[in-house]
Amino acid sequence: MLWIECPHCGTRPFEEFRYGSVFPVTPETITDPDARNVDYAWMQDNIQGVTLERWFHESGCRRWFTAKRDTTTDTFLPLDD
Amino acid sequence: MNEFVETLLDLPWQTCDPKPAYDVVIIGGGGHGLSTAYYLAARHGITNVCVLDANYIGSGNSGRNTTIIRSNYGIPESVRFYQHSLELYQGLEEETGSWIMHNTKGQIWLAHSTSTARTEQTRALMNQACGARTDYILPDEIKARCPQIDLTGGGRYPVQGASYHHEGATARHDRVVWTYAQGALRKGVHIFQHTPVTGLVTETSSSGVDRVAGVQTPNGIISAGVVLSAVGGHVSTVAAWAGVRLPIRSHALQAFVTNAYAQEFAPIISSNDLVFYVSQTPRGQMLIGAEYDRQASYRTSTSYSYLQACSAKATIMFPFLSKLRILRSWAGVCDVSTDFSPILGHTGVDGFMLSTGWGTWGFKAIPAAGEQLADLIATGTPSALIAPFGLDRFANEAAMADPSSAGTR
């Protein structure tokens, strides 16, 4: 079973949480404003490795928090790593 | 005696190493890559083609899906495209002379509430208008087609009705991959297994990548007139080598089979409100799947919590399932596009094409996507069937949003 470290409630089972999203980043190399809008609305970094993302403790304290996760294994890493 | 080993296809592998240059190099030896290679050779006489796979052919999502073939989608462009694919599947055994275990079963898409019943009625009418055979049916007919169903849904999910897709079918996933590989190899296409592509050969200018001219492998560079990425799951990595940003997020989709059920379970059954689907494999095992994992992930292992949640949903509608045991489970990495439709064709970079965004609905599209992409590579212009699915649709405000038809969301 997967466990997630909630900053408020401690280690809780995965099922209590809802995935938000990664922080969307539009690359600086895209300069045209229209192209930046399209990128922001649709495009994804889809990182294979460690990502910073938002999670919601839906069945717990119901607060959003930032987590660091390895997308190849779904393991959560300490934020200060 | 295993019938599947008994009837293995004869694959006439080439014995040479990769040539230094090909007209077309296809990254990914799954159903989509191999069908494109087959149709390039069979329909257009383009045989100077090479397919590269990092592992063995069909080892990615072609070997991890639930083998459902249907065309009951929610937007006209999709219905026409998948209906063409469904018809190509129906004729594939005759065309290639190879048995893919194609079995037309019909698909029942259950509605448990008034609003989903309305959705299914709309789906039936829209499908009929676009050439797919779908009818709205009532609980009596559902029970007649599938006696195992509990129409009360455990008291909580009563069945209001369903859309019935007459031509819903299944086929053996491995045999589809092998059939296309065999057809392509016989016509002189080269297929190299265990040959990962580690990068693209690009020509760049100040405005970024102008042209893709080949691929890099551990054994050296292979030049190509056209490079087609038919990669599943990891397509963002390949596209990034060409400087192409994709509206793709990778999610793991899990599924499992139970031990054999001795009786016949005739149709394929999906549920709109519960989000799961059940069918029976030729071996008698019950094949069950549900929605993909919510978080973006490249993980290919299954989780107990998923198996538990999915089993709970399936046993509500089919109480007999609780007597069976889970035999095998697996997960595949799905390239889910942000509008839930595939992305096919040109990328804006010369010499680089894509077949991606297949998410959880790629198996049924293998013949049509291969045929139409082969046509695009041969002629340079996308046909009317795939023109709406270009990558440029996002910038042109013409996204093909169809989330409800994925059946996995």
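Using the Cβ-Cβ distance between B:Asp10 and B:Thr379 with R0 = 25 Å, the FRET efficiency computed as 1/(1 + (r/R0)^6) comes to roughly 0.20.
Global size of chain B: 21.0, 66 Å for Rg and Dmax (C-alpha atoms, Rg to one decimal, Dmax whole).
Hey, fewest Cβ within 10 Å first, where do B:Trp330, A:Trp64 land in order?
Working: B:Trp330 15, A:Trp64 11.
Result, fewest neighbours first: A:Trp64, B:Trp330.
Partner shielding of B:246-252 amounts to 4, given as the average count of beta-carbon atoms from other chains within 10 Å of each residue beta-carbon. Computed from backbone phi with θ = phi - 60° and the Karplus coefficients 6.51, -1.76 and 1.60, the 3J(HN,Hα) list for the range B:281-289 is 7, x, 7, x, 6, 8, 9, 10, x Hz; x is used for glycine and proline.
Using just the alpha carbons, could you tell me how many Å³ per residue the convex hull of the range B:70-150 encloses? Mind showing how you got there, number by number?
Details: hull volume 7.9 nm³, N = 81.
With only Cα atoms used, the range B:70-150 gives 98 Å³ per residue.
Dimensions of the range B:266-354 from C-alpha coordinates, computed as largest minus smallest value along each principal axis and given longest first, are 56, 28, 27 Å.
Kirkwood radius, the range A:3-77, all distinct C-alpha pairs, inverse of mean reciprocal distance: 13.8 Å. Legend: calculated FRET efficiency, B:Asp23 to A:Arg18, from the Cβ-Cβ distance at R0 = 51 Å, rounded to 0.05, equals 0.60.
Could you work out the local net charge near B:Tyr73, counting Lys and Arg as +1, Asp and Glu as -1, over the other residues with Cβ closer than 12 Å to its Cβ? Show your work: numbers first, answer last.
Details: positive: B:Arg70, B:Arg80, B:Arg123, B:Lys364; negative: B:Glu77, B:Asp402.
Its environment carries a net charge of +2.
For the protein assembly as shown, the Cβ-based charge dipole about the Cα centre amounts to some 1100 debye (Lys, Arg positive; Asp, Glu negative; other atoms uncharged).
Summary: within chain B, the longest segment free of GluC sites (Glu not before Pro) located in DSSP loops with at most 13 other C-beta atoms within 10 Å is B:1-263. Taking other C-beta atoms within 10 angstrom as a stand-in for reagent exposure, A:Arg62, B:Arg118, B:Arg393 fall in the order A:Arg62, B:Arg118, B:Arg393, fewest first.
For a 22 Å ceiling on Cα separation, which of these pairs sit above it: B:Lys19/B:Lys364; A:Lys68/B:Lys313; B:Lys105/B:Lys364; B:Lys143/B:Lys364; B:Lys323/B:Lys364?
Values: B:Lys19/B:Lys364 32 Å; A:Lys68/B:Lys313 31 Å; B:Lys105/B:Lys364 14 Å; B:Lys143/B:Lys364 27 Å; B:Lys323/B:Lys364 31 Å.
B:Lys19/B:Lys364; A:Lys68/B:Lys313; B:Lys143/B:Lys364; B:Lys323/B:Lys364, as the Cα separations exceed 22 Å there.
Couplings for the range B:349-356, taken from phi via the Karplus curve 6.51 cos²θ - 1.76 cosθ + 1.60 with θ = phi - 60°, read 10, 4, x, 10, 10, 10, 9, 8 Hz in order; Gly and Pro are left as x. Of the trypsin sites (Lys or Arg not before Pro) in the range B:15-110, not one is in a loop by DSSP (not H, G, I, E or B) with at most 12 other beta carbons within 10 Å.
Between the helical axis of A:33-42 and the dominant principal axis of chain A, each derived from Cα atoms, what acute angle in degrees is found, rounded to the nearest 10? Long axis of A:33-42 versus the principal axis of chain A: about 30 degrees. The separation of the range A:1-45 from the range B:140-210, counted between C-alpha centres, amounts to 28 Å. Here the scattering of the range A:1-42 is modelled by Debye summation over its C-alpha atoms, one equal scatterer each and no solvent; at q = 0.15, 0.21, 0.23, 0.33 Å⁻¹ the log10 of I(q)/I(0) is -0.57, -0.68, -0.74, -1.15.
Computed over the Cα atoms of the protein assembly as shown, what is the convex hull's projected area averaged over all directions, in nm²?
Values: hull surface 96.5 nm².
The orientation-averaged projected area of the Cα hull of the protein assembly as shown comes to 24.1 nm².
Among B:Lys364, B:Lys187, B:Lys323, sorting on how many other beta-carbon atoms sit within 10 Å of each Cβ, with the fewest leading, yields B:Lys323, B:Lys187, B:Lys364. Couplings 3J(HN,Hα) of the range B:10-21, computed from phi: 8, 9, x, 4, 6, 9, 7, 7, x, 6, x, 8 Hz, in residue order, whole Hz [Karplus 6.51 cos²θ - 1.76 cosθ + 1.60, θ = phi - 60°; x for Gly and Pro].
Values quoted throughout were computed directly from the atomic coordinates according to the rules given, and no laboratory measurement underlies them. All values reported here derive from a predicted model rather than from experimental measurement. Cβ coordinates were reconstructed from backbone atoms using ideal geometry, including for glycine residues, and neighbour counts include every protein chain displayed.
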